[in-house]
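The values are calculated or read from the model by the stated rules, or taken from the named source; none is laboratory data. Just so it is clear, the model here is predicted, and its values are computed rather than measured. FYI the Cβ positions are ideal-geometry reconstructions off the backbone, even for glycines, and counts take in every protein chain you see. All accessible areas refer to the heavy atoms of the entire protein, side chains included, with ligands and DNA or RNA removed. Shrake-Rupley method; radii C 1.70, N 1.55, O 1.52, S 1.80 Å.
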Amino acid sequence: MAVSGLCALWYAARFISLEHTSVGGGPPYARFGLAAPTSASAAEGLCPQVDATYPLKHADLDGTLMALYADETFQARAFEALAGAIQIPTESYDDLKPVGKDPRWETFGVLQEYLQITFPKVFQTLSFTTVNTYGIVLHWQGSDTSTRPVLMAGHQDVVPVEPTTVNDWKHPPYSGLFDGEWIWGRGTCDDKSDVIASLHAIDALIEQGFQPRRTFVWAYGFDEEASGMEGAGKLAEYLEETYGTHGFEMLLDEGGSYGTPYGEGVIFATPALSEKGYLDVRVEVTTKGGHSSVPPAHTGIGMLSAMIVELEANPLETSLIRGGSPYNYTMCAAAHGPAYPPTVRRLALHAAETGSDADLADLEDALLAAFPFYSAVLRTTQAVDLVAGGVKVNALPERVSAVVNHRIAEHASVAALQAHYVATLAAVAEAFDLTLDAFGTNVSAGTGRGGHVALSDAWGTALEPSPVTPMGKGAPYEVFAGTVKATIESSDRYEGSSVVVAPLLTIGNTDTRYYWNLTKHIVRYKHLHNQDAYNGAHTVNEAVRAKGWIETIRFYTKFVLNWDEHQ
């Protein structure tokens, strides 16, 4: 899962858990003598749930396949298939040239050939199309053309392994080694495990003679960990041309997982129904050069530093919006989390009951105190990640710059962030007598005797926050949520008392950024227990628990069967 090339979270809800709880001080919690919901109806009002959804018409087929997936012979073949895919180092890099102009893409051809050899019936039975050479589209035509198809996505690429860390791995990063419990290697968590699991599900359905009523489509990109432009960017164009704008009933891609963040017993599945926006802002200062033996009071580097200090002294404010994804997730945790911090629970219930802005502000303060990660969830974040300037120690720098990375909150916008920059830096520019160009517009500041400062979209990759997927009565989301519950509750690994599906948002970006025109119903979810990922993604010792990964195959199978029955 990429966050524009970085993994800012394994998934947000994993961090908003008791592992990061440190409640103390803060607002006067004691004045709210409120208890947790004492009835199912009270909890339902705060966090609506659907029942587990099992295939009915396909019940016998579902039972046959669930028994197959429990068979050790099947599992051994499945583990071997994933291991083989892991052994192909399909790394994607930020500096890759377009397909056909960079030989580093060729590794994806090796993977594509491997997939066709490993799953011959899938590629022979379904309509197989390549997009931009390495993008894969699999089309399984249904008998009922009056229903819109369902799209499932994934990506074939992985983040590069840092060469200096190779010796830190328990097993080589592209070994695909299965040690009896874990399958090791880059891509076992992100995202080859999803690609291979979905192919296993298709293959098993074909083996059992399944003929779909609804059309199903799978799309696998190949540069999600970089920009996504060569993979999902081109796939989106093809899919929209082929199936039409909003031509799909639903899209499922990688995203949140499941686990027990608020005590054993109640399992929380946390799909993401939205993504933050994105903007990299370049702050560039140009000044007169000269010999450093006769310096001005402030060099360009000094001026730029003052601007960085001003930005960091004025971060964008957090905001808990009633009805937004973080608010809805909080209500689910408060309603259903057995070990959710009592003080935060009381404030959440009170804010929901009163509808008061003041009570909502108290809840926001409590969340920030209890779960520091909410600081990133509730605001547009900023991180000064790149600086450049100066060419020689005795020469005054004439052009210096910094790039600030932003993840734009669900309730915010690119324009609001740009306005924040003008409001924050105009006075600094004036103090240094700099003219100011803000995103192509001249802003009143200094005369220009001190130089010039320009604010711009560093790479031209500005992205608004995504649309939020509807989850009301009868929405496609309900088929997804019911399938998650059924998969977990029917597993022989299930030891909980209940399953809660609590949608949140992802603070990074997935390939779905290109797919907004395909459907309004986008769910980002990876059916893998948090504890089945050895060390998370994008770091050393990436590994997936083999038995836990079988649950992903079970989920994809039930998802297809449930959607095939859904009108």
Whether the stretch 67-116 is rounded, prolate or oblate, judged on the alpha carbon gyration tensor where a/c under 1.5 counts as rounded
prolate
Low-density loop trypsin sites (Lys or Arg not before Pro), the stretch 87-165, at most 12 other Cβ within 10 Å, DSSP non-H/G/I/E/B, are 101
Estimate the FRET efficiency between residue 375 and residue 292 by the formula 1/(1 + (r/R0)^6), using the beta-carbon distance for r and 51 Å for R0, to the nearest 0.05.
0.80
If you place +1 on the Cβ of every Lys and Arg, -1 on the Cβ of every Asp and Glu, and leave all else neutral, what size is the dipole of the chain about its Cα centre, to the nearest 20 Debye?
440
Placing +1 at every Lys and Arg Cβ and -1 at every Asp and Glu Cβ, with all other atoms neutral, what dipole size does the stretch 465-517 have around its Cα centre, in debye to the nearest 20?
200
In whole Hz, what ³J(HN,Hα) sequence does the stretch 304-309 give by Karplus (6.51, -1.76, 1.60; θ = phi - 60°), x for Gly and Pro?
4, 4, 4, 5, 4, 4
Cβ-based charge dipole, the stretch 76-178, positive-most Cα from 134, 169, 117:
117
Search the structure for amide H atoms under 5 Å from the amide H of residue 500, placed 1.01 Å from N in the peptide plane, and list their residues when 5 or more places away or on another chain.
267, 268, 269
Subset of 473/520; 121/485; 97/526; 57/547; 97/170 violating a 26 Å alpha-carbon distance limit:
121/485; 97/526; 57/547; 97/170
Projecting each Cα onto the charge dipole of the stretch 367-517 (Lys/Arg +1, Asp/Glu -1 at the beta carbon, about the Cα centre), which of 411, 517, 448 comes out farthest on the positive side?
448
Is the shape of the stretch 208-303 best called rounded, prolate or oblate, per the rule: a/c under 1.5 gives rounded, else a/b larger than b/c gives prolate, else oblate, with a ≥ b ≥ c the square roots of the Cα gyration tensor eigenvalues?
oblate
Accessible surface, the stretch 296-392, averaged per residue in Å² (probe 1.4 Å)
42
Whenever you get a sec, line up 248, 128 from highest to lowest accessible area (probe 1.4 Å, protein heavy atoms).
128, 248
The long-range amide H neighbours of residue 177, using H built 1.01 Å from N in the peptide plane and a cut-off of under 5 Å, are 184
Can you bin the chain into rounded, prolate or oblate? Criterion: square roots of the alpha carbon gyration tensor eigenvalues sorted a ≥ b ≥ c, rounded for a/c under 1.5, prolate for a/b above b/c, oblate for the rest.
oblate
Loop only by DSSP, 12 or fewer other Cβ within 10 Å of the Cβ. Give me the GluC sites (Glu not before Pro) in the stretch 239-332 that pass, ordered by residue number.
264, 317
Using θ = phi - 60° and the Karplus form 6.51 cos²θ - 1.76 cosθ + 1.60, what ³J(HN,Hα) does each residue of the stretch 428-433 get, whole Hz, x for Gly and Pro?
5, 4, 5, 4, 8, 6
Positive-end residue of 530, 504, 546, charge dipole of the stretch 500-546 with Cβ unit charges:
504
Accessible area of the stretch 440-559 divided out per residue, in Å², using a probe of 1.4 angstrom:
35
Carbon + sulfur, % of accessible area of the chain - ligands and nucleic acids excluded, 1.4 Å
52
Determine the dipole magnitude for the stretch 60-126: charges of +1 sit on the beta-carbon of Lys and Arg, -1 on that of Asp and Glu, nothing else is charged, the reference point is the Cα centre, and the result goes in debye to the nearest 20.
260
Which order do peptides 480-486, 140-146, 80-86 fall in by mean Cβ count within 10 Å, highest first?
480-486, 80-86, 140-146
What is the set of long-range amide H partners of residue 380 at a cut-off below 5 Å, with H atoms built 1.01 Å from backbone N?
409
Loop-located GluC sites (Glu not before Pro) in the stretch 456-531 whose Cβ has at most 12 other Cβ within 10 Å (DSSP)
495
Compute the distance in nm between two label points, each set 7 Å from the Cα along the Cα-to-Cβ direction, one at residue 457 and one at residue 60.
5.6
Ordered by residue, what ³J(HN,Hα) values in Hz, to whole numbers, does the stretch 518-528 give under the Karplus form 6.51 cos²θ - 1.76 cosθ + 1.60, where θ = phi - 60° and Gly and Pro are x?
7, 6, 7, 10, 10, 10, 10, 7, 10, 7, 8
quick note, the chain, DSSP beta bridge pairs, % antiparallel (nearest 5) is 65
Would you check the accessible area of residue 456, probe 1.4 Å, heavy atoms only, in square angstrom rounded to 10?
40
